[in-house]
Amino acid sequence: MLKTLQVVEEIIKNIDKRIFQIASSLLLILMLLNVVNITGRYLFNKPIGWTVEVSVLILVSLVFLAWGYTTGSGGQVALDIVVNRFSFRTRVLVKLFISLLILGTFIMMLWAGVEAGLWSRKMGATTDLLRIPIYPFRFLIPIGSLFVVLEVLIQLRHTFRMWNSKG
């Protein structure tokens, strides 16, 4: 059972890493798009009219795709200065409480994201200028949320192991 959990954990981490690489590529595309737009605007007086619309879609994609990896690598904001003053047991309890809070929040985001994606698809919602369908981008909310939930479950497993090891 323990070996199976470790294999599943590695699979989740590898998927998260690949998704993060996609998000990193989107960041590069976003930067290049804005450099071209700014260059066109100030040097040639010819800005790209759809840059803002596409930039927003790329930025939304980037954030939701990178969330799982960020959670798994401990990249979120933490109050270590305060928490490190607590006893070991209290630190573990704080970590447990915060993980459960994050878990609940992202489960709700996963559900709401599916609802938003389905609604956008049903209504045929598109961007204003280029008429790009919005639903694929809205479905990134539950995809990103799912990977945060999986990473938090992995963290909870480790937190419970810490609790039991220092019994």
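Okay, here's what the table says:
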{"item": "Flag if residue 154 is touching an Asp or Glu at 6+ places or on another chain (Cβ under 7 Å) and either more than 29 Å from residue 8 (Cα to Cα) or surrounded by 12 or more Cβ atoms within 10 Å (Cβ to Cβ) (or both)", "result": "yes"}
{"item": "Which listed residue is among the aliphatic types (A, V, I, L, M) and over 22 Å from the mean Cα position of the chain (by Cα), from 57, 2", "result": "2"}
{"item": "From 108, 123, 31, residue being of a type in the set (A, V, I, L, M, F, W, C) and within 27 Å of residue 9 (Cβ to Cβ)", "result": "108"}
{"item": "Test for residue 125: is it touching a strand residue (DSSP E or B) at 6+ places or on another chain (Cβ under 8 Å) and farther than 21 Å from residue 19 by Cβ", "result": "yes"}
{"item": "Whichever residue in the range 34-51 is surrounded by 13 or more Cβ atoms within 10 Å (Cβ to Cβ), touching a residue at least 12 places away in the same chain (Cβ under 8 Å) and out of contact with any helix residue (DSSP H, G or I) (no Cβ under 6 Å at 6 or more places or on another chain) and, among such residues, is farthest from residue 147 (Cα to Cα)", "result": "36"}
{"item": "Filter result (among the aliphatic types (A, V, I, L, M), exposed (fewer than 14 other Cβ atoms within 10 Å of the Cβ) and part of a helix (DSSP H, G or I)) within the range 65-111", "result": "81, 82, 83, 100, 101, 108"}
{"item": "Hits in the range 92-123 - residues which are among the polar types (S, T, N, Q) and closer than 30 Å to residue 81 by Cβ", "result": "99, 105"}
{"item": "Unmet criterion (only one of (1) touching a residue at least 60 places away in the same chain (Cβ under 8 Å); (2) surrounded by fewer than 17 Cβ atoms within 10 Å (Cβ to Cβ); (3) closer than 22 Å to residue 136 by Cα) for residue 5", "result": "(3)"}
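Just so you know, all these numbers are worked out from the coordinates, no wet-lab data involved. If you're wondering where the values come from, they're calculated on a predicted model, not measured in any experiment. Positions of Cβ are backbone-derived with ideal geometry, glycine not excepted, and every protein chain shown enters the neighbour counts.
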